[in-house]
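Undergrad: Can you read through this structure? Questions will come right after.
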2 protein chains.
Amino acid sequence: MTAKSVYPDKSVCLIKEIGDGVIPCAIPYMIHTLSDPKQNAVGNMPLENAGIDVKVGKVVSLDVKTHTVTLESGEVFSYERLVLATGTDTIMPPIPGVDKEGVFTIRKSMSAMTALREIVHKSKRVAIIGGGFIGAEFADELSKASDVEVHLIEIMPKLLYNAFDDEFCDEIAQVLYKLGIKIHTSHSVLSIDGNNSAESVTLDDGKKIPVDMVLVSIGAKPAGKIAEDAGLRIVENGSIWVDEYMRTSTENIFAVGDCAVKRDFFTRKAAPVWLASTATAEARNAGTNIFGIRVLHQIQGTIAAFSTQIGGVSFASAGMTCRTCEKEGFRIVTATAVAPDRHPGMLPGARELKVKLVFADRSGILLGGQVSGGPSVGELINMIALAIQKKVTVRELDMMQIATHPLLTSAPTVHPMIGAAHQALAMMRASVK
Amino acid sequence: MTAKSVYPDKSVCLIKEIGDGVIPCAIPYMIHTLSDPKQNAVGNMPLENAGIDVKVGKVVSLDVKTHTVTLESGEVFSYERLVLATGTDTIMPPIPGVDKEGVFTIRKSMSAMTALREIVHKSKRVAIIGGGFIGAEFADELSKASDVEVHLIEIMPKLLYNAFDDEFCDEIAQVLYKLGIKIHTSHSVLSIDGNNSAESVTLDDGKKIPVDMVLVSIGAKPAGKIAEDAGLRIVENGSIWVDEYMRTSTENIFAVGDCAVKRDFFTRKAAPVWLASTATAEARNAGTNIFGIRVLHQIQGTIAAFSTQIGGVSFASAGMTCRTCEKEGFRIVTATAVAPDRHPGMLPGARELKVKLVFADRSGILLGGQVSGGPSVGELINMIALAIQKKVTVRELDMMQIATHPLLTSAPTVHPMIGAAHQALAMMRASVK
């Protein structure tokens, strides 16, 4: 869309493998929340209206010398510029029985997901392997049926361990627990058992959980095979190497989204963070720069900005957590503030809003933030995300002007983002006495 | 609170005129939304817990030579540093009959507002003079009683004319119209008529509106009298002159909040914008700098960040509107994007979210933003407010990484803040062909 808009005289062709696509992030909500899963369909209309040719087909090879790609059908397309946006492949763990009937994973097609919906609606006992965002969101969604038993199995000590610090992970687990989800953290699955189809899963402590179906959501890896076969440089996690402007190691070929290497905003190390919002920002970058660099150093690494809603409580994170700071050797000051998200807090609909901020201890630069509360969390984390991207300091946040309203936000005197900054400043003062 | 926290060895005394204070921004919601107006009380607990002495009394004079203030009671307090935070006085227009019984205005005390509530509950026909934020919010709130006729009278061509561009003003008027409010824009009040108490108001076109009560909300002016009498420099709107660190023209005396001069962020002209969020930021600035400058140039002028909710629709504005840009000679590019605030838009509870952004046409620096939609508007405007304060450019917004989630935000491909930036960029490209 961006390339066509910036270079309207060029013809743009989008080749995609899945003809009946869906909005990926909303897949969990195709089970119950959406009355009809078709409501989550993604059509070609916006592309076609923009003058983009859409071709459904599977690309099987790329020839960088002849500047062509070949489809499974035998069709050959030539290009002046090529953009690889092949996304990720789902990781299936090497668990005995993982190939049995009744073991599912997330596929980004309407047909696969409507089939999954039907099976889920018939299942009374579900095991979900993997307690990241997808696993937690699916557990929440499945619990909306009154008579289903859901087991959420996570190998790490906490759910959503890579996105949040302990107290937020615990809050999420508590919400799921109240929904009746059985949570098995620090546990792996030894085997999926049954004759033809999955009848139980066995945990590493020997516990056997009877199931009607199993959903695997342990993660994904960049889909770089076409690029690798064509000789493009492949780096960490099997992702395609790109420079700051999404250019691969091979002239005239770009890569964007989950297949392109992600670097961390603060360390520039490869970061296994695959997000639609990062992908679309990269797409706008590549689209603008595709016939010459016109946007300089705009994608300086991913800040890993996540948000979710579990059991009606919103959770979000952006930038570094205390856990990642510890791991990466960042010396920090951190503070948490809590306030009602309306003022006074007695107003109908008021929710508790919690903001935790992480700052570099000397420069006071904001490294990360985590939030929980009502629906305002969704855009509040984006203010924090912008602050991280602009390297805003604790002092700037303390002096920040915001809009407040009784029915929409915390009081200006206690807005927890400013409150957390204000507290952190006091701690920094105390430490340099 | 800040001064006490930064200088814990100093004693801090707060002298306030009103003993039974309320949260000012929530005053409209004391009529119906809050089941008990007492829920909007502001107590002294947080101040006293922080070790601050609270004194209720009216200061009648300030002697800058002897470093003392005198109360109506005759009590005298001496100071090392003095902070004036006297706020605003309500403006009463010179309309014949404005002093009749049944004509009210907003007072920031529990006793006055519970009295007003009782009178409102008995009134069937109410005229509100002044269609700014307070007038519009009161009209919305009053309409929650089924059998009341509310007239909203505004001298400017649109409601909330100083905060929004026409299309947002019109949307607000439409919402109020649907609630049954009678709107009289471009009209002034010639007289308030009746024997002892207000029985009707007469508009400038001769129309007579029968009323049981009148609420005046045409605005406020800085309460600078004590400062003026003491010889401090007074500037535009009767406000107290302050430097970047909230220091007045007289040594050791600071002024913060509505009584201190507000300068516009972009022009540095005096700006008649009195907001709790600006006031609290200034308070933190003065509190930190009161015994020596420790925070540099942090309050660089007000960006006028407003939010409100009218008839369940949220509206917000920050920075310059097209109207103010036109008036001040700013050459701009502006774009508006609309998308559902969930994705897919068929998800339950989805609302239309509209974002208008205003950029300087060459530098691409963000000058302002206006938003309407669901409750996410409350924090979305704060992301825009931060972007304005950090002088973020249209290119940075176009490349911005955000968190998105189906139940919390627009899709990453169509988030209207990024969408508006993306459109504005395309217009800038087109104009430099």
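The values are calculated or read from the model by the stated rules, or taken from the named source; none is laboratory data. No experiment lies behind these values; they were computed from the predicted model shown. Positions of Cβ are generated from backbone atoms using ideal geometry, with glycine treated the same way; all protein chains shown enter the neighbour counts.
Let's see how each residue does on (1) within 30 Å of A:SER372 (Cα to Cα); (2) surrounded by 16 or more Cβ atoms within 10 Å (Cβ to Cβ); (3) not assigned by TED's automatic domain parsing to the domain that holds A:VAL22:
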| position | (1), (2), (3) |
| --- | --- |
| A:SER111 | no, no, yes |
| A:ILE128 | yes, yes, yes |
| A:ALA136 | yes, yes, yes |
| A:ALA139 | yes, yes, yes |
| A:GLY180 | yes, no, yes |
| A:ILE183 | yes, yes, yes |
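Undergrad: Would you mind listing the strands (runs of 3 or more DSSP E) fully within the stretch A:130-220 where at least 3 residues are under 25 Å from A:SER317 (Cα atoms) and free of Cβ contacts under 8 Å to residues at least 60 places away in the same chain?
TA: Ranges flagged: A:182-184.
Undergrad: Taking B:LEU275 as the residue in question, decide whether it is more than 11 Å from chain A (Cβ to nearest Cβ) and buried (at least 21 other Cβ atoms within 10 Å of the Cβ).
TA: Here the answer is no, as B:LEU275 does not meet what is asked.
Undergrad: Could you tell me whether the stretch A:103-122 includes any residue that is part of a loop (DSSP other than H, G, I, E, B) and more than 23 Å from A:ALA276 (Cβ to Cβ)?
TA: No, the stretch A:103-122 has no match at all.
Undergrad: I would also like to ask the following. When the stretch A:281-325 is examined, which residues are found to be in contact (Cβ under 8 Å) with a residue 40 or more places away in the chain, small (Gly, Ala, Ser) and more than 30 Å from A:ILE181 (Cα to Cα)?
TA: A:ALA283, A:ALA286, A:GLY287
Undergrad: Checking B:GLU228 against (1) away from every other protein chain (no Cβ under 14 Å); (2) touching a residue at least 24 places away in the same chain (Cβ under 8 Å); (3) not in a loop (DSSP other than H, G, I, E, B), which single condition isn't satisfied?
TA: Answer for B:GLU228: the failing condition is (2).
Undergrad: Can you tell which of A:SER143, A:SER123 is closer than 26 Å to A:GLY21 by Cβ, more than 19 Å from the chain's Cα centre (by Cα) and buried (at least 17 other Cβ atoms within 10 Å of the Cβ)?
TA: Selected residue: A:SER123, the only one of A:SER143, A:SER123 that is closer than 26 Å to A:GLY21 by Cβ, more than 19 Å from the chain's Cα centre (by Cα) and buried (at least 17 other Cβ atoms within 10 Å of the Cβ).
Undergrad: What pairs come out if I take residues in the stretch B:389-405 that are touching a residue at least 40 places away in the same chain (Cβ under 8 Å) and at the interface with chain A (Cβ under 7 Å from one of its Cβ atoms) and pair them with residues that are part of a helix (DSSP H, G or I) and of a type in the set (S, T, N, Q) whose C-beta lies under 7 Å away, six or more apart or interchain?
TA: Cβ pairs passing all conditions: B:THR404/A:SER277.
Undergrad: Which one is modelled with the lowest pLDDT among residues in the stretch B:220-258 that are hydroxyl-bearing (Ser, Thr, Tyr) and under 30 Å from B:CYS325 (Cβ atoms)?
TA: Here the residue is B:TYR245.
Undergrad: Further, regarding this structure: Just one of A:ILE52, A:ILE15 is within 29 Å of A:VAL261 (Cα to Cα), aliphatic (A, V, I, L, M) and without any contact (Cβ under 8 Å) to a residue 60 or more places away in the chain; which is it?
TA: The match here is A:ILE52.
Undergrad: Could I ask something else about it? In the stretch B:230-245, what residues are buried (at least 23 other Cβ atoms within 10 Å of the Cβ) and farther than 13 Å from B:GLY87 by Cβ?
TA: Hit for the stretch B:230-245 is B:VAL242, nothing else.
Undergrad: Something else about it: What single numbered condition from (1) buried (at least 23 other Cβ atoms within 10 Å of the Cβ); (2) under 20 Å from A:ARG395 (Cα atoms); (3) within 14 Å of another protein chain (Cβ to nearest Cβ) fails to hold for A:GLY378?
TA: Here A:GLY378 clears every test but (2).
Undergrad: Still on this structure, please answer the following. Please pick out the residue among A:ALA220, A:ALA227 that is within 29 Å of A:ARG117 (Cα to Cα) and crowded, with 18+ Cβ neighbours inside 10 Å.
TA: A:ALA220
Undergrad: Any chance the stretch A:259-270 includes a residue that's in a helix (DSSP H, G or I) and either modelled with pLDDT of 90 or more or crowded, with 24+ Cβ neighbours inside 10 Å (or both)?
TA: Yes: one or more hits.
Undergrad: I'd like the residue in the stretch A:311-357 that is within 9 Å of another protein chain (Cβ to nearest Cβ) and hydrophobic (A, V, I, L, M, F, W, C) and, out of all such residues, is farthest from A:MET427 (Cα to Cα).
TA: Per the stated criteria, the residue is A:LEU347.
Undergrad: Taking the stretch A:112-162 as the region of interest, how many residues are within 27 Å of A:ALA305 (Cα to Cα) and among the polar types (S, T, N, Q)?
TA: Qualifying residue count for the region: 2.
Undergrad: If you take the residues in the stretch A:278-301 that are of a type in the set (Val, Ile, Thr) and surrounded by fewer than 23 Cβ atoms within 10 Å (Cβ to Cβ), which one is farthest from the other protein chains (Cβ to nearest Cβ)?
TA: If we take residues in the stretch A:278-301 being of a type in the set (Val, Ile, Thr) and surrounded by fewer than 23 Cβ atoms within 10 Å (Cβ to Cβ), then A:ILE293 is farthest from the other protein chains (Cβ to nearest Cβ).
Undergrad: Now for a different question. Can you tell me which of B:GLY301, B:GLY312 is under 24 Å from the mean Cα position of the chain (by Cα) and closer than 30 Å to A:THR33 by Cα?
TA: So the residue among B:GLY301, B:GLY312 that is under 24 Å from the mean Cα position of the chain (by Cα) and closer than 30 Å to A:THR33 by Cα is B:GLY312.
Undergrad: Ok, one more. Is it fair to say A:GLU282 is out of contact with any Gly (no Cβ under 7 Å at 6 or more places or on another chain), outside the structural domain of A:PRO375 (by TED's automatic domain parsing) and either farther than 16 Å from A:ALA163 by Cα or in a helix (DSSP H, G or I) (or both)?
TA: Against the criterion (out of contact with any Gly (no Cβ under 7 Å at 6 or more places or on another chain), outside the structural domain of A:PRO375 (by TED's automatic domain parsing) and either farther than 16 Å from A:ALA163 by Cα or in a helix (DSSP H, G or I) (or both)), A:GLU282 does not qualify.
Undergrad: Follow-up question, since we're still on this one. In the stretch A:392-428, how many are within 15 Å of A:VAL355 (Cα to Cα) and among the β-branched types (Val, Ile, Thr)?
TA: 5
Undergrad: Additional query: Kindly state which strands (runs of 3 or more DSSP E) lie completely within the stretch A:21-90 and contain at least 2 residues that are more than 13 Å from every other protein chain (Cβ to nearest Cβ) and more than 21 Å from the chain's Cα centre (by Cα).
TA: Because the criterion is at least 2 residues that are more than 13 Å from every other protein chain (Cβ to nearest Cβ) and more than 21 Å from the chain's Cα centre (by Cα), the strands (runs of 3 or more DSSP E) in the stretch A:21-90 that meet it are A:53-56, A:59-63, A:68-71, A:76-78, A:82-84.
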